[in-house]
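Structure, as structure tokens:
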Amino acid sequence: QAHAKVWHLYNDHFRPAQRGKVSIALSSHWIKPQRMTEKNIKECQKSLDFVLGWFAKPIFIDGDYPESMRNNLSSLLPEFSEAEKKYIKGTADFFALSFGATLSFQLLDSHMKFQQLESISLRQLLYWINSEYNNPQIFIVENSWFVSGTTKRDDAKYIYYLKKFIMETLKAIRYDGVNVFGYTVWSLLDGFEWHRGYSIRRGLFYVDFQSHDKKLVPKSSVLFYQKLIEKNGFPPLPENQPIEGIFPCGFAWGIVDNYIQVDTTPAQFLDSSVYVWDVHQTKKLIKVDGVYALKRKRHCVDFAAIRLQISLLQEMHVTHFHFSLKWSLILPLGNLSLINHTLVHYYQCFASELLRVNITPVVALWQPMIENQELPVSLAKYGAWENTETVQAFVEYARFCFTSLGDHVKFWITMNEPSVKNLTYTAGHNLLKAHAKVWHLYDKEFRRSQKGKISIALQADWVEPACPFSRNDQEVADRILEFDIGWLAEPIFGNGDYPEVMRAWLHRINSVDLYNFHLPYFSEDEKKLIQGSFDFFALSHYTTTLVGSEKEDAVKYDHYLEVQMINDITWLHSPSRVAVVPWGLRKLLKWVKSKYGDVPVYVMANGIDDDQNMVHDKLRVYYIQNYINEALKAYTLDNVNLQGYFVYSFNDKTAPKYGLYSYVANQYEPKPSLKHYREIIDNNGFPGPETPELLCPEEVALCPECHFFRTRKSLLAFISFIFVAFIVTLFFITYYSKRIERRYK
């Protein structure tokens, strides 16, 4: 009633001269049902009625309280007379809304939630207000979140909540038709925050409460909000717009399957037993004891599993297929004393069948898995990569693989995605030496005859400073990139030693007695061995991470590296909460080029999980489209020597939720993303009307069987001489035999 009287006072006596507006500012939360049932939805409506509708309905609708309040509170709720209803109704020139952490949520009586779930979706609240109160003009008079009281200038968490709320406001305007005409950040400077006191901060300006003068210092959020106001929102950035263009001739379009489906069950044609069909009684085949047919040699066509996988790969139109061998199964004892020849033959057949259909096999010798790191048990049991004996065992294993499979495999990966998160410095040290020794082994003993290439594949997700205006956050991002990628990359692709950033950081934290981490040193000979042991730079990339220097969330703070992991809640995320950030791939490729020069680069794995219940995997279609386009930008605009791109993964059977083929009831079904990827492959990128035509020479089909003859030219010459001599001898014998016959006649 007081509000209504003031509104009428202004309307009758001041509006004609001052021409202003008057309203009441109402705070609200947003609520969503625990389960989508009619009862829960009604409870959500009741929650909003009790918090926002209590004041909004009398003013914006009919002058009376919500019906749900009347039904629940009965006599506790006062009655308006008809005159009072008429007097209160319409006493607002706009809808002033407050939506933030304290008023909207933390001070909300738990009974007001009616056992439903709170949500910070401002867009949904704006849509509800628009629908409930007849499309009023809305002015957001207070909105923000908060950061820890210990956070100083780099308030990344505050920035991303602010970004989320303003983006949702823009979506409500653009997509939902909500009439929002103003937005106000809460608040200008840090202060006393209700029941939370000084334990949190929400100001754009930092205040040191312990100082005498209480000087105001602008935070990163000030710069963010300032630039947002200058742009009046979020205009499309030119660098984020898709481009048209195509990749070079011979570009490797691939698919990944960590471990191919191995089924060595012998075909029925290999059974030498003789059977009789009992057509009268059992109707079954009865084995005849003691009678056997001639045994025939095994052929690759005997493996039915290979034929199926090859046909599925052909349907994709890929040119390359990347998979890993199982060291623990090929050499179960970790040495050549026991060899699984059946499995090796299966791999030989798989590779040769790939070549037969013009798909290049890309084979990793080792890929770490959770159990025993995919090492032979004898090696895993005695220290794994911590033990130097594993290095030599890996070299001997590699030699065996090159000898057994090298005729069919020309594209090798020594180690695929060694996880630095689970690697000790000693293990990483030995792993680098093992890689280098295997590379030199191939280079000296196999490259000339097999004519292949070999390198290591590193996992490389991009790391971005959470506050783009913060020098501290940039330093943290640079540090994480060196620890995550540079640790294994710098010795091989750089100067033969670990990044200087790593050594300096470990020296600093060890000196204060908080940790005792020792980063080993390479001898000069080892540096020479490791440096340059590559033919290309292979990387796996899935997402981008934000990092900050201010400790905000203890759960996501790494004390060892003094880094705070931040989540941009406006980013698109997969069901497993992996962020979809296509531009991160381009930044990573540019970083590799700037660090390691014009090295040939292959993106060996790039993919996202999906919801297996979704028929149309729109997220993966979007992911593949945009990540490949960012790769195209790196190639065409940044001159990155990009030579291949591989999607992860082949199918859901071996990589659940990641496959381009679903696997249900023993059947493989192509997903929409497979067809989309195939279209990109067929176009070799994203050609447009003005894209010049690329004339590529016809590729000659590889002939794995020809290797035998290419490497034995002298033997071939000798056999040819014997054959010609035999023909000539046969001719003369025939010729003189006929002459002798005529003479006697």
Yes or no: the range 582-597 includes at least one residue that is of a type in the set (S, T, N, Q) and either over 30 Å from GLY532 (Cβ atoms) or touching a residue at least 60 places away in the same chain (Cβ under 8 Å) (or both). no
Six or more apart or on different chains, Cβ under 7 Å: which pairs go from a residue in the range 429-442 that's touching a residue at least 40 places away in the same chain (Cβ under 8 Å) to one that's part of a helix (DSSP H, G or I) and aromatic (Phe, Trp, Tyr)? Could you list them? ASN430/TRP385; LEU431/TRP385; ALA434/PHE394; VAL438/PHE394; TYR442/PHE402
Kindly provide the set of residues from the range 470-489 that are free of Cβ contacts under 8 Å to residues at least 12 places away in the same chain and either touching a strand residue (DSSP E or B) at 6+ places or on another chain (Cβ under 7 Å) or under 27 Å from TRP439 (Cβ atoms) (or both), ordered by number. GLN474
Might you let me know whether the range 676-685 holds any residue that is at pLDDT below 95, within 25 Å of ALA538 (Cβ to Cβ) and not charged (D, E, K, R)? no
Strands (runs of 3 or more DSSP E) lying entirely in the range 597-688 (those with 1 or more residues that are β-branched (Val, Ile, Thr) and open to solvent by 60 Å² or more (accessible area, probe 1.4 Å)): 661-664
When only residues in the range 152-198 that are touching a residue at least 12 places away in the same chain (Cβ under 8 Å) and among the β-branched types (Val, Ile, Thr) count, which is surrounded by the most Cβ atoms within 10 Å (Cβ to Cβ)? ILE159
Looking at the range 328-382, which of its residues are surrounded by fewer than 16 Cβ atoms within 10 Å (Cβ to Cβ), β-branched (Val, Ile, Thr) and either in contact (Cβ under 8 Å) with a residue 40 or more places away in the chain or in contact with a Leu (Cβ under 7 Å, 6 or more places away or on another chain) (or both)? ILE339, THR342, VAL357, VAL377
Can you confirm whether the range 156-176 contains a residue that is assigned to a loop (DSSP other than H, G, I, E, B), out of contact with any Phe, Trp or Tyr (no Cβ under 8 Å at 6 or more places or on another chain), not assigned by the TED database to the domain that holds ARG471 and not aromatic (Phe, Trp, Tyr)? no
Find the residue count for the range 405-437, including only residues that are within 24 Å of TRP253 (Cβ to Cβ) and among the hydrophobic types (A, V, I, L, M, F, W, C). 6
What is the one condition in (1) surrounded by 21 or more Cβ atoms within 10 Å (Cβ to Cβ); (2) under 54 Å from the mean Cα position of the chain (by Cα); (3) at pLDDT 95 or above that TRP7 does not satisfy? (2)
Tell me, which residue of the range 364-377 that is under 26 Å from TYR645 (Cβ atoms) and not in a loop (DSSP other than H, G, I, E, B) is modelled with the lowest pLDDT? GLU374
Among the listed residues LYS453, LYS444, LYS437, which satisfies the condition of being closer than 20 Å to VAL592 by Cβ, open to solvent by 10 Å² or more (accessible area, probe 1.4 Å) and not acidic (Asp, Glu)? LYS453
Of residues in the range 212-231 being basic (Lys, Arg) and more than 16 Å from ILE166 (Cβ to Cβ), the one most open to solvent (accessible area, probe 1.4 Å): LYS215
Residue list for the range 450-490, filter: closer than 18 Å to GLY548 by Cα and either outside any helix (DSSP H, G or I) or among the basic types (Lys, Arg) (or both): ASP461, TRP462, VAL463, GLU464, PRO465, ALA466, CYS467, PRO468, PHE469, SER470, ARG471, ARG479
On the basis of being open to solvent by 10 Å² or more (accessible area, probe 1.4 Å), among the hydroxyl-bearing types (Ser, Thr, Tyr), within 29 Å of the chain's Cα centre (by Cα) and not assigned by the TED database to the domain that holds MET502, does TYR425 make the cut? yes
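The rows are residues; the columns are (1) of a type in the set (S, T, N, Q); (2) assigned to a loop (DSSP other than H, G, I, E, B); (3) touching a helix residue (DSSP H, G or I) at 6+ places or on another chain (Cβ under 9 Å); (4) under 26 Å from LEU338 (Cα atoms).
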position: VAL362; (1), (2), (3), (4): no, no, no, yes
position: LEU379; (1), (2), (3), (4): no, no, yes, yes
position: GLN392; (1), (2), (3), (4): yes, no, yes, yes
position: GLU396; (1), (2), (3), (4): no, no, no, yes
position: PHE402; (1), (2), (3), (4): no, no, yes, yes
position: VAL409; (1), (2), (3), (4): no, yes, yes, yes
position: ASN430; (1), (2), (3), (4): yes, no, yes, yes
position: ARG448; (1), (2), (3), (4): no, no, no, no
Take LYS57 and tell me if it is in a helix (DSSP H, G or I), open to solvent by 50 Å² or more (accessible area, probe 1.4 Å) and assigned by the TED database to the domain that holds ARG123. no
Any residue in the range 78-103 that is under 20 Å from SER144 (Cβ atoms) and open to solvent by less than 10 Å² (accessible area, probe 1.4 Å) sitting within a Cβ distance under 6 Å of a residue that is modelled with pLDDT of 95 or more and not in a strand (DSSP E or B)? List the pairs, counting only those 6 or more apart or interchain. PHE95/PRO136; ALA96/SER23; PHE99/LEU122
Looking at PHE234, PHE247, PHE209, which is the one that is aromatic (Phe, Trp, Tyr), at pLDDT 90 or above and surrounded by 13 or more Cβ atoms within 10 Å (Cβ to Cβ)? PHE247
Would you be able to say whether some residue in the range 127-144 is part of a loop (DSSP other than H, G, I, E, B), open to solvent by less than 60 Å² (accessible area, probe 1.4 Å) and either touching a strand residue (DSSP E or B) at 6+ places or on another chain (Cβ under 7 Å) or within 30 Å of PHE209 (Cβ to Cβ) (or both)? yes
Here the residues within the range 123-167 that are within 18 Å of PHE55 (Cα to Cα) and among the β-branched types (Val, Ile, Thr) are ILE129, ILE138, ILE140, VAL141
For the range 83-92, indicate whether the set of residues that are among the hydrophobic types (A, V, I, L, M, F, W, C), within 19 Å of ILE129 (Cα to Cα) and outside any helix (DSSP H, G or I) is non-empty. yes
Going by the conditions given, is LYS42 in contact (Cβ under 8 Å) with a residue 60 or more places away in the chain, of a type in the set (Lys, Arg), open to solvent by 30 Å² or more (accessible area, probe 1.4 Å) and not in a loop (DSSP other than H, G, I, E, B)? no
Exactly one condition in (1) β-branched (Val, Ile, Thr); (2) more than 23 Å from GLU386 (Cα to Cα); (3) surrounded by 18 or more Cβ atoms within 10 Å (Cβ to Cβ); (4) in the same structural domain as ILE569 (by the TED database) is false for VAL512; which is it? (3)
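The values are calculated or read from the model by the stated rules, or taken from the named source; none is laboratory data. Here the structure is a predicted model, which is why all the values come from computation and not from measurement. Here Cβ is always computed from backbone atoms with ideal geometry, including for glycine, and neighbour counts include all displayed protein chains. These accessible areas exclude ligands, DNA and RNA; they are computed on the full protein's heavy atoms, side chains included. Shrake-Rupley method; radii C 1.70, N 1.55, O 1.52, S 1.80 Å.
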